[in-house]
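Nothing in this text is a laboratory measurement; each read-out follows from the coordinates by a stated rule. For clarity, every value in this text was computed on a predicted model and none was experimentally measured. Neighbour counts run over all protein chains shown; Cβ positions are idealised from the backbone, glycine included.
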Amino acid sequence: MKKDVPLEAIRGFSAIIVVLYHTVLGFSGNLSAIQATPFNFFINGGSAVVLFFVLSGYVLTRRYFTSYNSDLITRGVLKRWPRLMGPVLVTVLISWILWQLGAFHHEEAGILSGSSWLTNFAAAPDYPFDPTIRKALADGVFLVFIRDDTNQFDTSLWTMKIELIGSLISFGLALLLSRLRKSHPFATILLVGATLVFCHLTTPYYAAFVCGVLLARWLGDEATISLRVAAPALAVALYLLGYSDNPIGAYGLFAKLPSVSFVYMALAGSLVVIALTQTCEEFRRVLSNRAMGFVGELSFPLYLIHALVICSLGADVFIRSQSFAATAVVVVIGSVMAAMPILWFNRRWVAGVNSLTEWMLATKRARVATQPISPIEIAEQAAAKPEIAT
């Protein structure tokens, strides 16, 4: 399936924001000062992750809602776990190798910068832990997708369980919505409401997938928005994406409102950004070149590897220079370079997963087509045919 380059570019920018956020979190004490400005969206990693999730819900189901071909859902379900697992396992094994080589310098760097996040290996659960190869294999293949406390090798992997479960929720909701269509508005409202309540009670992050599905279902194919409307709407969306549960400075007005998690603010901003990217021709033109395609393709590998670069190369540079600017440059460049081998692997891994999925589906179709019809089925088919008057 041909990818939507503008949407992939948005995913890529979100990954860059996460890298910048963790760099500031690890090596600078000025996070609160930045959070007080309306430009916090540049480094608000939490909102960038929410945007990831909304994009997943949208992209995974958009094509289905334009064709209602259930094979797309079947393929999506079959591919989702292996599609994620391949590059995740590679990243976890890279982390294990770096541990064996003694390449991580996060504790000393964290003490110098005053960042407990960095000192504890990017806030790894149950730190310190025993980085064995057995644990690395178990975590990378399976455990990070079903548990919340097995992301010690790479703490960015806390999103993998949410990504996998959220994807399955998206596929299931898409199927149910397609069955209801426009003829059952009350049932549709009840379904959406019940799903959102379930997500809120479980984790608000799942609501991001649900809202992505709803946008995919009801955003018209022919909808267009002029730049005159899109520009101020984008400014509002970026302002919402800059909120980080810290109602200070430019976000002081949130202190006067009922307490609402930043996830929902980011969710609203994400929906606007995606809708504008789909409907504003000027935005699409800017985001549709080859460079934007590369940024989008780099997003997942960059997200996976950057915390390891921060705790190894970035920490070493900070210890030697004690310069945030120098460290930030090295982290960004180093993360991009480290992501390139994973990008190369991911291309081939995805192609392999796609081929295997198509083979499985083709085998199943062939088996069904050649399966003999039982006498009972023949009788049922005959009974179902209308009688011809003579």
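Points to keep in mind about this one:
- Checked against a 21 Å cut-off, the cross-linked pairs LYS2/LYS79; LYS2/LYS364; LYS79/LYS161; LYS135/LYS161 give Cα-Cα distances beyond that limit for LYS2/LYS364.
- A protection proxy built from the mean count of other Cβ atoms within 10 Å ranks the segments 196-204, 233-241, most packed first, as 233-241, 196-204.
- Alpha-carbon Debye profile of the range 289-345, log10 I(q)/I(0) at 0.14, 0.21, 0.27, 0.29 Å⁻¹: -0.40, -0.74, -0.98, -1.06
- For the chain, the longest site-free run once GluC sites (Glu not before Pro) in DSSP loop states with at most 14 other Cβ atoms within 10 Å are removed: 1-221
- Were the residues from ALA231 through ALA103 laid out at 0.36 nm apart, the gain over their Cα-Cα distance would be 41.5 nm.
- Each Cα pair under 8 Å and six or more residues apart adds its separation to the average, and for the range 99-153 the resulting relative contact order is 27 percent.
- Only helices enter this figure: runs of n ≥ 4 DSSP H residues, each worth -39500 (n - 2.57), summed and divided by the residues of the chain, yield -24000 deg cm²/dmol at 222 nm to the nearest 500.
- The chymotrypsin sites (Phe, Trp or Tyr not before Pro) of the range 1-56 meeting both criteria, a DSSP state outside H, G, I, E and B (loop) and at most 15 other C-beta atoms within 10 angstrom of the site's C-beta, are PHE39.
- Over the range 1-150, Cα pairs under 8 Å with separation of 6+ residues give a relative contact order of 24 percent.
- Estimated translational D of the range 100-189 in µm²/s (Stokes, Kirkwood radius over Cα pairs; 37 °C; 0.692 mPa s): 205
- Screening the chain for whole DSSP H helices of 24 Å or more along their axis (Cα) with average Kyte-Doolittle hydropathy at least 1.0 returns 5-27, 158-180, 185-202, 262-279, 290-309.
- Straight-distance crosslink candidates among aspartates and glutamates, where the alpha carbon sits under 12 Å from LYS3 and sequence neighbours closer than 8 are dropped: GLU297
- Normalised by the number of residues in the chain, the mean separation of alpha-carbon contacts (under 8 Å, six or more apart) gives a relative contact order of 30 percent.
- Ordering of 79-91, 265-277 by burial proxy (mean other Cβ atoms within 10 Å per residue, highest first): 265-277, 79-91
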